[in-house]
Amino acid sequence: MSTQPFASARETALNEGLRVWAEIDLDRFAANIQALRARAGEAHLLIVVKANAYGHGAVPVAQAAIQAGAWGLGVAGLEEGDELRRAGVVAPILVLSSTRPAQAKGLVQRDLRVTIGTLEMGEALSQAAQELGRIARVHVKVETGMNRFGVKPDEAVRLATALRQLPGIEVEGVSSHLAVADEDRAFTYQQYKTFHECMQQLPWVPMHHISNTAALLDAAELRLAMVRCGLGAYGYYPSDQVNHDVPLQPVLSLRSRVARVSTLEPGEGVGYGLRWRAQRRSRVALVLAGYGDGVRRALSNKGIALVRGQRAVYAGRVAMDMLMLDVTDIPDVEVDDEVTLLGTQGDESILADEIGELAETISYEILTGLMERVPRLFVRDGRIVERQDLTGYRRAVSAL
Ligand SMILES: *Cc1c(COP(=O)(O)O)cnc(C)c1O
């Protein structure tokens, strides 16, 4: 199981006999960050790397984001922040979701900025900061229409003012989150207006922020001191409606290989439940990826993959570790042919949006649903520079 330094992802996958793998193109990722930075102007760029960087692999992606000029990183909770700190990431990290007082010490120890909606949490952080001889930086979350977490504007002003008095606390930011930035500008501006009124009463707070990817693409005037981008950094537009003028390229390709090609006579069935039957003399290819890897079972009989640069439809149900493709109309398919389940092969691409639509979900969930057991191969200039395997084992090229 040794990786040759400077091998391409394809060579490595074939040499090691990998069943399925994800290629993460760090050059494309860096280009996306540059494009988002250009749109963000003077505003800081926070790259959201929650959920294992939307399935891409948190640590290498976080490092690449900072290298490409992001100010900081957004995570969902303490554990995700811990993973980055353990890997040596020193950049600012903001915890975006709600945390509990029991986590205060852990958050302060790791120098994680905390999004906060209660005085109780502020007091716990103040206590922890004093015990540890550190500063706890907090961002007060304002509720402007999404009704998920945060406090109403009046209360936010009172909370921020109270937090400011607590020893060891620095109120670094005030934030809110947009509910429909990808589909309803009017409501987005209404949320912004509510937020703006609150901001004006807190001029002493250095960072105000409300924008996600969709808002940055569609309503750049809302960028304020910072924008928080997840999906855009991974090369996807949040919806068809948002502006597509910032050039973004999908970063992740999910690949597998043909393990067997068989010929079926009319009437023969395939897979669990025999949900696909040959209508004519057919050739089907066995592909070594399944729902245990994050390929949705909802794609049974309708998913699409690329083989030899052409589209092939899934034949039968997706199983845990395998699926079948109808390759009757693609000549010469053979064992070890590369299969692209997501991403680009030759001139053809299959995007997470398309797969999401077929599986009745969204691109976000398709990307995030990529399971941990799928090895991530991080590529620059066509060469693997790092990898993330099931064991959490990572190594740099220099250490190979
Ligand atoms: C996940 C998240 C984001 C990023 O949203 P995208 O649509 O992926 O850009 C921004 N802000 C908060 C609070 C989030 O939880």
Residue list for segment 197-215, filter: assigned to a helix (DSSP H, G or I) and near the ligand (Cβ under 8 Å from one of its atoms) | Thr213, Ala214
Could you tell me whether Ala305 is touching a strand residue (DSSP E or B) at 6+ places or on another chain (Cβ under 9 Å) and closer than 21 Å to Trp276 by Cβ?
-> yes
Output the residue which, of all residues in segment 321-343 that are under 24 Å from the mean Cα position of the chain (by Cα) and buried (at least 18 other Cβ atoms within 10 Å of the Cβ), is farthest from Tyr236 (Cα to Cα).
-> Val339
Met146 fails exactly one of (1) farther than 20 Å from Trp71 by Cβ; (2) buried (at least 21 other Cβ atoms within 10 Å of the Cβ); (3) under 22 Å from the mean Cα position of the chain (by Cα), namely (2)
Would you tally the residues in segment 54-73 being within 11 Å of the chain's Cα centre (by Cα) and within 14 Å of the ligand (Cβ to nearest atom)?
-> 5
Which condition number in (1) in contact with a Leu (Cβ under 8 Å, 6 or more places away or on another chain); (2) in a strand (DSSP E or B); (3) modelled with pLDDT under 95; (4) not acidic (Asp, Glu) is the one that Arg395 fails?
-> (1)
Complete set of residues in segment 161-188 that are closer than 19 Å to Arg148 by Cβ and either crowded, with 22+ Cβ neighbours inside 10 Å or not aliphatic (A, V, I, L, M) (or both) | Gly173, Val174, Ser175, Ser176, His177, Leu178, Ala181, Asp182, Glu183, Asp184, Phe187, Thr188
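Matching residues to (1) over 21 Å from Tyr364 (Cα atoms); (2) in contact with a helix residue (DSSP H, G or I) (Cβ under 7 Å, 6 or more places away or on another chain); (3) crowded, with 19+ Cβ neighbours inside 10 Å:
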residue	(1), (2), (3)
Asn32	no, yes, yes
Ala58	no, yes, yes
Val61	no, yes, yes
Ala102	yes, no, no
Arg110	yes, yes, no
Scan segment 25-32 and give yes if some residue there is within 16 Å of the ligand (Cβ to nearest atom), touching a residue at least 40 places away in the same chain (Cβ under 8 Å) and closer than 22 Å to Val251 by Cα, otherwise no.
-> yes
Only residues in segment 221-244 that are closer than 20 Å to Ser349 by Cβ count as the first member; pair them with residues that are among the β-branched types (Val, Ile, Thr) and assigned to a strand (DSSP E or B), Cβ under 7 angstrom, at least 6 apart or cross-chain, and list the lot.
-> Ala233/Ile47
For segment 114-126, how many residues are farther than 21 Å from Glu80 by Cα, touching a residue at least 24 places away in the same chain (Cβ under 8 Å) and assigned to a helix (DSSP H, G or I)?
-> 3
Considering (1) at pLDDT below 95; (2) farther than 30 Å from Val48 by Cβ; (3) buried (at least 19 other Cβ atoms within 10 Å of the Cβ), say which one Glu386 fails and leave the rest.
-> (2)
Selection over segment 171-195 where residues are within 15 Å of the ligand (Cβ to nearest atom) and not in a strand (DSSP E or B) yields a count of 13
Looking at Ala51, Ala76, Ala87, which is the one that is of a type in the set (A, V, I, L, M), surrounded by fewer than 17 Cβ atoms within 10 Å (Cβ to Cβ) and within 13 Å of the ligand (Cβ to nearest atom)?
-> Ala76
What do you reckon, is Ala160 out of contact with any Lys or Arg (no Cβ under 6 Å at 6 or more places or on another chain), modelled with pLDDT of 95 or more and not in a helix (DSSP H, G or I)?
-> no
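Yes/no per residue for (1) free of Cβ contacts under 8 Å to residues at least 12 places away in the same chain; (2) touching a Ser or Thr at 6+ places or on another chain (Cβ under 6 Å); (3) of a type in the set (Lys, Arg); (4) closer than 30 Å to Gly41 by Cβ:
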{"residue": "Ala278", "(1), (2), (3), (4)": "no, no, no, no"}
{"residue": "Lys302", "(1), (2), (3), (4)": "no, no, yes, no"}
{"residue": "Gly309", "(1), (2), (3), (4)": "no, no, no, no"}
{"residue": "Ala315", "(1), (2), (3), (4)": "no, no, no, no"}
{"residue": "Thr328", "(1), (2), (3), (4)": "no, yes, no, no"}
Counting only strands (runs of 3 or more DSSP E) entirely within segment 220-320, those with at least 1 residues that are surrounded by fewer than 16 Cβ atoms within 10 Å (Cβ to Cβ) are 252-264, 310-314
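The values are calculated or read from the model by the stated rules, or taken from the named source; none is laboratory data. All values reported here derive from a predicted model rather than from experimental measurement. All Cβ positions, even for glycine, are placed from backbone atoms using ideal geometry, and neighbour counts span all protein chains on display.
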